[in-house]
1. Scan Asp128, Asp56, Asp142 and give me the residue that is more than 18 Å from the chain's Cα centre (by Cα) and either at pLDDT 95 or above or among the charged types (D, E, K, R) (or both).
2. Taking the residues in region 145-159 that are surrounded by 12 or more Cβ atoms within 10 Å (Cβ to Cβ) and either within 14 Å of Arg80 (Cα to Cα) or aromatic (Phe, Trp, Tyr) (or both) as candidates, determine which candidate is modelled with the highest pLDDT.
3. For Glu94, are the conditions met, namely being of a type in the set (Asp, Glu), surrounded by 14 or more Cβ atoms within 10 Å (Cβ to Cβ) and more than 23 Å from Ile127 (Cα to Cα)?
4. Tell me whether region 62-74 contains one or more residues that are under 23 Å from Lys18 (Cβ atoms), outside any helix (DSSP H, G or I) and in contact (Cβ under 8 Å) with a residue 24 or more places away in the chain.
5. Can you tell me which residue is farthest from Gln120 (Cα to Cα) among those in region 9-48 that are outside any loop (DSSP other than H, G, I, E, B) and free of Cβ contacts under 8 Å to residues at least 12 places away in the same chain?
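The values are calculated or read from the model by the stated rules, or taken from the named source; none is laboratory data. Small disclaimer: the values here were computed from a predicted structure and weren't measured. Every residue, glycine among them, receives a Cβ derived from its backbone with ideal geometry; neighbour counts consider all protein chains shown.
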Amino acid sequence: MPRKVTKSLQRVLSPDRKYNSVLVQRLINKAILDGKKSIAERAVYDALEQAAKKLDSEDPLAVFEKALKNVSPNFEVKSRRVGGANYQIPFPVEGHRRLHYAFSWLVQSARARKGIPFSQRLALEIIDAHNEAGAAFKKKEDTHKMAVANRAFAHFARS
């Protein structure tokens, strides 16, 4: 008997106030600590402005979108038990999940840096991601390396 197909229950986000972008709103929501959205919003806006200024760009949104594109993973590995052994099976990452990883890695990497305010840490991480460097980009590269190393087990994904 075929399984019932469920509808996607993805929540529709309203765009942010300054750039009118849903992507910036999602980053703000990821950066929230202790429910303080206005503080997260201010930090993200400052970070985008600083990143654009350091990269000599007049459009902070373009810098941010390129950084997101560079950090978004194409493949991930999932653990699957086959015949008593666990295999790391590579799967393509699609849609909202790809962006979820990108936002999470950017915010985690920025939080891992210490000694300066969060807006500056996030700006540095966005600059590094734009230039294909930094901890978030390294996380993406490590994920891809794992997927490539385990591509021999890709045939288990279809069974």
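1. Details: Asp128 fails: more than 18 Å from the chain's Cα centre (by Cα); Asp142 fails: more than 18 Å from the chain's Cα centre (by Cα).
Of the residues listed, the single one that is more than 18 Å from the chain's Cα centre (by Cα) and either at pLDDT 95 or above or among the charged types (D, E, K, R) (or both) is Asp56.
2. Here the answer is Ala147.
3. Values: of a type in the set (Asp, Glu): yes; surrounded by 14 or more Cβ atoms within 10 Å (Cβ to Cβ): no; more than 23 Å from Ile127 (Cα to Cα): yes.
So Glu94 does not fit the description; no.
4. Our first condition is that a residue be under 23 Å from Lys18 (Cβ atoms); within region 62-74, this holds for 62-72.
Within this subset, residues satisfying the condition of being outside any helix (DSSP H, G or I) are 72.
Narrowing the set further to residues that are in contact (Cβ under 8 Å) with a residue 24 or more places away in the chain leaves 72.
Yes, there is a match, as at least one residue in region 62-74 is under 23 Å from Lys18 (Cβ atoms), outside any helix (DSSP H, G or I) and in contact (Cβ under 8 Å) with a residue 24 or more places away in the chain.
5. Filtering region 9-48 down to residues outside any loop (DSSP other than H, G, I, E, B) leaves 22-31, 37-48.
Pick out the ones that are also free of Cβ contacts under 8 Å to residues at least 12 places away in the same chain and you get 22, 37-39.
Working: Val22: 22, Lys37: 18, Ser38: 17, Ile39: 14 Å.
Filtering region 9-48 for residues that are outside any loop (DSSP other than H, G, I, E, B) and free of Cβ contacts under 8 Å to residues at least 12 places away in the same chain, the one farthest from Gln120 (Cα to Cα) comes out as Val22.
Yes/no per residue for (1) out of contact with any helix residue (DSSP H, G or I) (no Cβ under 9 Å at 6 or more places or on another chain); (2) at negative phi; (3) not acidic (Asp, Glu); (4) not in a helix (DSSP H, G or I):
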position	(1), (2), (3), (4)
Ser109	no, yes, yes, no
Lys114	no, yes, yes, yes
Lys138	no, yes, yes, no
His144	yes, yes, yes, no
